[in-house]
Amino acid sequence: MSDYLLEMQGVEYTYPMAEQAAVKNLSFRLPSGRKTALIGQNGCGKSTLFLLADGLCRPQQGVILLDGVTLKFDRQTLNRWRQRVGLVFQDPEQQLVAPTVESDISYGLCNQNLPEQEVADRVRRTLADFQLTELARRPLHHLSLGQKKRVSIAGVMALRPDLVLLDEPTAYLDPVQTRNLLTELDNIARSGTTLLIATHDLDFVYQWAEWVLVMNNGSLLLEGETLAVFEQLQLLPSFEIGMPLIWQIWQTLPAKVRDDHQVPRSIAELAVITNLLA
Ligand SMILES: Nc1ncnc2c1ncn2[C@@H]1O[C@H](COP(=O)(O)OP(=O)(O)OP(=O)(O)O)[C@@H](O)[C@H]1O
Ligand SMILES: [Mg+2]
């Protein structure tokens, strides 16, 4: 396997009837096995990048590669591609297909022609991993939006793709479910799955991500290690995306303190440093 799982080179895509390209001259490389976040203002092209990466939109220009192999648009290649790349849509309503939670999670597994017992085992485990066991028999249209979002994530994870693209996974989730999801995502990342998460939650990005891609106006603005990317963003005040809270608090501490310590990545790390000051 190459060091980079997904790669785009000079990709351009304009939606039918649209006047402007949603994505243009987009090039980036996604490192294998790293927890990566995709950030950028509303409308910068994050969801479009995901649709392109899953073969749901076909670029008018450029190439998309998985493990160095170019995406082609014949049915067989697309089917194989989508077994390796799972996409969780921003809007769960677009994702869910079956009448109940349980049947929705088993739907994709049945399509992969897995043995019946394997499907049953994976559905049971996935329901438990995502705290959905009690909702298993519920009709999907009786669920809250946050519950639907969890089902849509669980349905993709059950398929065990090599790369999972999650579009705003914590949108609609309450704080407890957000924490549960993050624990589960860490478990999934530890098992070797590469995760790419598009989000506006910069506090989450700062604490969770190992690698960050920043988009602006349909193209890539920055890519790199999380701290390095936020350092560069700080030097671009005209690019208004905000900064993580821990980072902002850190900037208020005296320069001497900041010189003597590593930049904290969590509240706990920040507390250790501020307690030393007290
Ligand atoms: N179906 C569509 N038809 C035409 N234009 C579209 C369509 N979907 C998105 N766009 C346009 O493409 C551009 C990129 O949209 P996209 O949804 O990829 O942005 P995003 O970064 O995901 O935004 P957000 O943060 O709001 O989710 C925007 O200008 C948007 O208006
Ligand atoms: Mg979006």
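The values are calculated or read from the model by the stated rules, or taken from the named source; none is laboratory data. A quick note: this is a predicted structure, and the numbers were derived from the prediction, not measured. Here the Cβ positions follow ideal geometry from the backbone for every residue, glycine too, while neighbour counts run over all protein chains shown. Note: areas computed on protein heavy atoms with side chains; ligands, DNA, RNA excluded. Shrake-Rupley method; radii C 1.70, N 1.55, O 1.52, S 1.80 Å.
Quick one: accessible area per residue over the chain, 1.4 Å probe, rounded to a whole number of Å²? Please report the intermediate quantities before stating the final value.
Numbers: 14090 Å² over 278 residues.
Computed with neighbouring chains in place, this is 51 Å² per residue.
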- Query: Per-residue accessible area for Ile249 at 1.4 Å probe radius, Å² rounded to 10?
  - Reply: 60
- Item | Fully extended contour minus Cα-Cα distance, from Tyr15 to Asn111, at 0.36 nm per residue | 31.7 nm
- Query: Using a probe of 1.4 angstrom, how much of the accessible area of the chain is carbon and sulfur, in percent?
  - Reply: 49
- Relative to the present Cα-Cα distance, how much length would full extension add between Gln234 and Asp186 at 0.36 nm per residue of separation? 14.5 nm
- In terms of solvent-accessible area of protein heavy atoms at a 1.4 angstrom probe, what is the ranking of His141, His200, highest value first? His141, His200
- Sketch the reach of a paramagnetic label on Leu277 as a point 7 Å from Cα along Cα-to-Cβ, and name the residues of region 224-242 whose backbone nitrogen lies under 13 Å away. none
- Quick one: if the Förster radius is 35 Å, what FRET efficiency do Asn25 and Val97 give, using the C-beta to C-beta distance and rounding to 0.05? 0.50
- Item | Per-residue ³J(HN,Hα) for region 243-258, Karplus 6.51 cos²θ - 1.76 cosθ + 1.60, θ = phi - 60°, Hz, x for Gly and Pro | 9, x, 4, 4, 4, 5, 5, 4, 5, 7, 6, x, 4, 4, 5, 5
- At a Förster distance of 22 Å, what's the computed FRET efficiency of Asp3 paired with Glu225, Cβ-Cβ distance as r, to 0.05? 0.90
- Under 16 Å from the 7 Å Cα→Cβ point of Leu56, by amide nitrogen: which residues of region 179-207? 196-199
- Task: List, in order, the whole-Hz ³J(HN,Hα) value for each residue of region 181-193 obtained from phi through the Karplus relation with A = 6.51, B = -1.76, C = 1.60 and θ = phi - 60°; use x for Gly and Pro.
- Result: 5, 5, 4, 5, 5, 5, 4, 5, 5, 5, 7, x, 6
- Message: Please state the shape class of region 4-236: rounded when a/c is under 1.5, otherwise prolate if a/b exceeds b/c and oblate if not, all from the C-alpha gyration tensor.
- Response: prolate
- Task: Round to the nearest 10 and report in Å² the accessible area of Met157, as given by a 1.4 Å probe over the protein chains' heavy atoms.
- Result: 20
- Extension gain (nm, one decimal) between Ala120 and Ala268, 0.36 nm per residue minus Cα-Cα: 49.2 nm
- Query: Can you work out the FRET efficiency for the pair Asn42 and Gln131, with r the C-beta to C-beta distance and R0 = 35 Å, to the nearest 0.05?
  - Reply: 0.70
- Query: On a 0 to 90 degree scale, rounded to 10, what angle separates helix 267-277 from the longest Cα axis of the chain?
  - Reply: 10
- Note on the structure: In order over region 82-87: 3J(HN,Hα) from phi, Karplus 6.51/-1.76/1.60, θ = phi - 60°, whole Hz, x for each Gly or Pro, gives 6, 6, 8, 10, x, 10
- Message: At a threshold of 8 angstrom on Cα-Cα distance, excluding pairs fewer than six apart, so keeping six or more, what relative contact order does the chain reach in percent?
- Response: 23
- Item | Separation of the Val257 and Arg80 label points, Cα + 7 Å toward Cβ, nm | 5.6
